[in-house]
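Just below is one structure, and these are the notes that go with it.
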Amino acid sequence: MNQVLSKELIELAEKDLSVREKLASEGTLFGRYHPEMEEVHSHNAKRLREIIREIGFPTISKVGEKASDAAWLVIQHAIGEPEFLQTCYDLMIENNGDINPSNIALLYDRIQVFQSKPQRYGTQLTAEGTIYPVEDKSTLNNGRTQMNLRLLSQEEIDRIPLIEDIPEIDAKDPDYTVWRIKTGWISQIR
């Protein structure tokens, strides 16, 4: 196991979380992508790219579970870089026996939601705090079980909006739509 890179990955994630906590406590984190948070995410993604070039994807066997989870957090928060998230998702799939499966599920769902597509595992929420539409409510908990996610109650599943509601859900936040166009998640207003 690479102890040096393990320590560095954990430090990158801790920096991300400390800036996030600071901005949240100031009341400036939500509502827009805060420039300070964006800078941390961009720096962390750049460094993770270098690490991936050096050792491949930082799997559990290469850097330990905590550092592999930290790498996922860096990826999950690099929201301004769609291609990076997709590339990392592909690498996680290639190494799926050596990655925390819930991290794969969370990243898959995040990518889908940013693209205005239904998610598979129900891990991402709308701005109102409800679960964003899913591909198939009837198999949702089967997928969640496979990915080591907690099961949802039938009541929680029943409250999930329908796939047809995605345009209406996304339209509630025009700034979010403009940001997704600017960063390349979507090509036009839907």
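Data overview
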quantity	calculated
LEU17 accessible area, assembled protein chains, probe 1.4 Å, Å²	80
Share of carbon and sulfur in the accessible heavy-atom surface of region 50-142 [1.4 Å probe, %]	48
Partner aspartates and glutamates for LYS62 [C-alpha distance under 18 Å; skip if fewer than 8 residues away on the same chain]	GLU8, GLU11, GLU50, GLU54, ASP90, GLU94, ASP98
Residue-wise HN-Hα coupling along region 128-133, computed from phi with Karplus coefficients 6.51, -1.76, 1.60 (Hz; x: Gly, Pro)	7, x, 8, 5, 4, x
The chain, accessible area per residue, ligands and nucleic acids excluded (1.4 Å, Å²)	54
16 Å cut-off, amide nitrogen to a point 7 angstrom out along MET1 Cα→Cβ, residues in region 65-88	65-72
Taking N as its residue count, the alpha carbon Rg of the chain over 2.2 N^0.38 Å	1.05
Separation in nanometres of the label points that stand 7 Å from Cα toward Cβ, at ILE55 and GLU156	3.3
Members of LYS15/LYS46; LYS46/LYS117; LYS15/LYS117; LYS15/LYS172; LYS66/LYS182; LYS137/LYS172 lying beyond 25 Å, as alpha-carbon distances in this model show	LYS46/LYS117; LYS15/LYS117; LYS15/LYS172; LYS66/LYS182
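The values are calculated or read from the model by the stated rules, or taken from the named source; none is laboratory data. Owing to the predicted nature of the structure, the values given are computational and were not obtained by experimental measurement. Neighbour counts are summed over all protein chains in view; Cβ atoms, including those assigned to glycine, are modelled from backbone coordinates with ideal geometry. The protein model used for the area step is the full one, side chains on, heavy atoms only, and it has no ligands, DNA or RNA in it. Shrake-Rupley method; radii C 1.70, N 1.55, O 1.52, S 1.80 Å.
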